[in-house]
Amino acid sequence: MKLSIMKLFINSGSPFARKVRIVVREKGLMDQVEEVFVVPVESPSDLVRANPLSQIPALIVDGTCWTDSSLIAHWLDALGAEPRLLPEGEAVWPVRRLEVLGAGLLEMTVKMVLENRRPESERSPFWLKRWEDNLLRGFAVAETACPAAEVFDLGSLTLGLAATYADFRYPQIDWRRVAPRVAALQAQLEKRQSFIDTYPK
């Protein structure tokens, strides 16, 4: 498929953008993608045209706008070089289930980050505690579904991202206590060049 240069809106701190950036690198698409750094909270006009919700990642391909990190990752996976990160047939479902769980862990952490950016007097201790509890329960469930450390697909990728983002934002949360296999997977993934190149800042 012959495409013009794709424009990918990112931020170096976003784990959802990081997911797509890793897929771009793993699928050999760097020469076809221009990464554009934006600050979503400022609602820059280029980003809003790509995604009216002013969220990243957002991808523009020949005038068509793609949003949602999983949707973009799946599309790029089909476009880029083999091997596929999302298997076909019945094998797809365990990978997708793990991918969705990893995305949920990311969502809990992002909610905590946003809540903690509010003035201290406006923060909700109830919700912060609830989201942290959700995060630890989620990691405990992920431990039971965690693949071997050498497995690399969109499920393991997303789970590894969630682990690193939790460390990046809340190193005091001891999720490793309930998920040592996830920690081993994370350590292996973070050795890949695509992960090194996109480590959050």
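Every number in this text was worked out from the coordinates using simple rules, so none of it is lab data. A quick note: this is a predicted structure, and the numbers were derived from the prediction, not measured. FYI the Cβ positions are ideal-geometry reconstructions off the backbone, even for glycines, and counts take in every protein chain you see.
Note that the stretch 46-63 has calculated 3J(HN,Hα) couplings of 5, 5, 4, 5, 7, 8, x, 7, 6, 10, 10, x, 9, 10, 10, 10, 6, x Hz, one per residue in order, obtained from phi through the Karplus relation 6.51 cos²θ - 1.76 cosθ + 1.60 (θ = phi - 60°); glycine and proline are x. Note on the chain: antiparallel DSSP beta bridges, both residues inside, total approximately 60 percent of the bridges counted.
Here the label points at residue 93 and residue 45, each 7 Å from Cα along the C-beta direction, are separated by 4.9 nm in the simple model. Model label points for residue 12 and residue 141, set 7 angstrom from Cα along the Cα-to-Cβ axis, are 3.4 nm apart.
Per residue of the chain, what 222 nm ellipticity follows from adding -39500 (n - 2.57) for every DSSP H run with n ≥ 4, rounded to the nearest 500? Estimated from H runs of four or more residues: -17000 deg cm²/dmol. Between residue 169 and residue 82, the simple label model (points 7 Å from Cα in the Cβ direction) yields a spacing of 3.8 nm.
Could you give the size of the charge dipole of the stretch 69-201 about its Cα centre, using +1 on the Cβ of each K and R and -1 on the Cβ of each D and E, expressed in debye and rounded to the nearest 20? All intermediate terms of the calculation are to be shown ahead of the outcome.
Numbers: 17 positive and 18 negative charges, 91 e Å.
Charge dipole of the stretch 69-201: 440 debye, to the nearest 20.
A straight line joining the Cα centroids of the stretch 179-195 and the stretch 72-115 runs 16 Å. Only one residue of 156, 94, 186 has its Cα farthest out toward the positive end of the dipole of the stretch 89-196, where Lys and Arg carry +1 and Asp and Glu -1 on Cβ, and that residue is 186.
Cross-link pairs exceeding 21 Å between alpha carbons, from the set 19/201; 129/191; 19/111; 19/129: 129/191; 19/129. Placing +1 on the Cβ of every Lys and Arg and -1 on the Cβ of every Asp and Glu, with nothing else charged, gives the stretch 4-103 a dipole about its Cα centre of roughly 220 debye. The rule of thumb for compact globular proteins, 2.2 N^0.38 Å, goes into the C-alpha radius of gyration of the chain 1.02 times.
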